[in-house]
Amino acid sequence: MELKYNQVDVFTSVPYKGNPVGVCFDADELTPSVMQQIANWTNLSETTFVQSSTVGDYKLRIFTPKNELKFAGHPTVGSAFALLDSGRLNVEKKEFVQECKAGLVKIKNHHDTIYAKVPGITPLDSEVDCTKLEEAIGCPITSRPIAVDTGPIWLTFSVADVHLLNNICIDVDKTRILSRQVGVSGLNIYCIDEKRAVHLRTFAPILGIQEDPVCGSGHAAVAAHMKISGKAETVGQQYTAYQGSAMGRSGVVQVVYDENDIYIGGHAVVVINGTIAVEE
């Protein structure tokens, strides 16, 4: 059996500068084990499977190479873009509903930028040894680390400036151990520059992802962290965030505070358009 398959570069309008996601269409008949096998094989940070929905415009299953996620940002934005690009969603329609493990997610299409309302953002109580954390990343931190559940759970905190951020070289073993001890998916490290732009790096070796080039759920966790720690006033109700320069990428993420909700958005581009073979 062959199904339509796209590979979409997300949070960029320039191919190969964002974060790729594999999108497999017409996946109603695929079992979770087959979806997991495909996601393991593509070896992308996430691969998605589009299914029909009785409560939304479509249903999305999101898999890393190792497990299924309730929600993730760049797969949601990339899959919505692929559905619009393929004509499976009406480009004249400006709002859609995605069903996923996290529930119903509102999607907005605004001037070719796809925005997703991040569901169920939840700060968690967690004990973090800051000395061990600084040893794991090799530099001092400048804010209280907070574990934020945005689908994945990101231990989110800031460092002083972009230079420090870009030169972080994590100790993978210490990061894995710390992630297990705290019960998080990985580390989400950010700073705010002099122009009030946000810069982020995301590390998740426990998920088999040493560094995520551009992480949508990570940016949502940063927005929540800034709101909790009083830094949101620095960046305003809507701000631009950047990620990926340390990996040769240049991802751009738009973040919007909408009352108690957080939207993450960006552009995307289809770089592979074809089919994928699936065992029947």
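Throughout, read-outs are computed from the coordinates displayed, never taken from laboratory work. As the structure is a prediction and not an experimental result, all values here were calculated from the model. Reconstructed Cβ throughout: ideal geometry from the backbone, glycine too, with neighbour counts over all protein chains shown.
Things to note:
- Antiparallel DSSP beta bridges within the chain, as percent of all bridges there, nearest 5: 85 percent
- Modelled FRET efficiency - R0 22 Å, residue 43 with residue 86, Cβ distances, 0.05 increments: 0.40
- Taking 127, 211, 95 and counting other C-beta atoms within 10 Å, the order from fewest to most: 127, 95, 211
- Cα radius of gyration and Dmax for segment 122-260 (Å): 13.6, 39
- ³J(HN,Hα) computed for each position of segment 51-63 - Karplus, 6.51 cos²θ - 1.76 cosθ + 1.60, integer Hz, glycine/proline x: 10, 6, 9, 9, 10, x, 6, 6, 10, 10, 9, 10, 10
- Ranking 252, 18, 159 by how far each Cα lies toward the positive end of the dipole of the chain (charges on Cβ) leaves 159 at the top.
- Within the listed set 47, 234, 175, the residue fluctuating most in the Gaussian network model of the chain (springs between alpha-carbon atoms under 10 angstrom) is 234.
- At an R0 of 35 angstrom, the distance between the Cβ atoms of residue 13 and residue 173 translates into a FRET efficiency of 0.40.
- Relative contact order %, segment 122-260, counting alpha carbon pairs below 8 Å whose residues are six or more apart: 20 percent
- Estimated FRET transfer efficiency when R0 is 51 angstrom, pair residue 1-residue 228 (beta carbons, to 0.05): 0.60
- For 169, 24, 191, 215, order by how many other beta-carbon atoms lie within 10 Å, fewest first: 169, 191, 24, 215
- Length released on extending from residue 135 to residue 108, taking residue separation times 0.36 nm less the Cα-Cα span: 5.7 nm
- Applying the Karplus relation 6.51 cos²θ - 1.76 cosθ + 1.60 with θ = phi - 60° to segment 225-230 yields 3J(HN,Hα) values of 4, 5, 5, 5, 8, x Hz, where x marks Gly and Pro.
- Only Lys, Arg, Asp and Glu carry charge here, each on its Cβ (+1 for the first two, -1 for the last two); on that basis the chain has a dipole of about 300 debye about its Cα centre.
- Reported label for calculated percent of Cα pairs over 26 Å apart given (1) 51; (2) 38; (3) 42: (2)
- Helices in the chain, meaning DSSP H runs of at least 4 residues, each add -39500 (n - 2.57). Divided by all residues, the mean residue ellipticity at 222 nm is -7000 deg cm²/dmol.
- When 97, 182, 8 are sorted by how many other C-beta atoms sit within 10 angstrom of their C-beta, beginning with the fewest, the order is 97, 182, 8.
- Amide H partners (placed H, <5 Å) of residue 105, local residues excluded: 98, 99, 100
- Dipole magnitude for segment 122-260: computed about the Cα centre from +1 point charges on Lys and Arg Cβ and -1 point charges on Asp and Glu Cβ, it is near 160 debye.
- Between helix 73-85 and the chain there is an angle of about 30 degrees, using the helix long axis and the longest principal axis of the Cα atoms.
- Its Cα centre serving as origin, segment 26-113 has a Cβ charge dipole (Lys and Arg +1, Asp and Glu -1) of approximately 300 debye.
- In segment 122-260, the DSSP beta bridges split such that about 70 percent are antiparallel, to the nearest 5.
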